[in-house]
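**Q** Handing you this structure, nothing more for now.
A short reminder: the numbers here are calculations on the coordinates, not readings from a lab. All values reported here derive from a predicted model rather than from experimental measurement.
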Amino acid sequence: MAAMTTDAALDRTDWQLLTELQKDGRTSYAELARAVAMSPSAVAERIRRLEDAGVIAGYRASLDPERLGLEVMAFVRLRYPTGNYRPFHALLDSTPEIVEAHHVTGEDCFVLKVLSRSMRHLEEITGRIAGLGPVTTSVVYSSLLTGRAISEPK
């Protein structure tokens, strides 16, 4: 079958499967088959097609940062003054506390999501980031919505 390239190629059953897998990526084909009233082999084929098309980009465990001792979350905005991104990529490679990096429009060039053990640890990390350009740091008090599942567009 041809690879799916647009959301128009996804039917209601594909979206049901994607919804179930986003709830629990370890759901068995048998459980998924019951949810969509299909055979496990038909579900396995659909999942394989969604993976081959890149719609399902991977499977991973969802970890609780606080239980791992990473109690402070912050968003760090970086104004990067040059077009040479090698130092920035080197920083990303050497700083595991940066868990997301987004190239954005506006005055800031990058928005980074940082997890740290403490405010002092955050200060060390932002100091390294600030070596590349001016930064603005916003510490997260609480998160009202995280990891929302992607739903079928209305």
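**Q** What's the angle, to the nearest 10 degrees (0 to 90), between helix 40-52's Cα axis and the longest principal axis of the chain?
**A** The two axes meet at around 40 degrees.
**Q** Before anything else, pin down the relative contact order of the chain: Cα pairs under 8 Å, at least 6 apart, normalised by residue count, whole percent.
**A** With pairs under 8 Å counted, the relative contact order is 24 percent.
**Q** With n ≥ 4 as the cut-off for DSSP H runs, can you work out [θ] at 222 nm for the chain, using -39500 (n - 2.57) per run divided by the number of residues, rounded to the nearest 500?
**A** -10500 deg cm²/dmol
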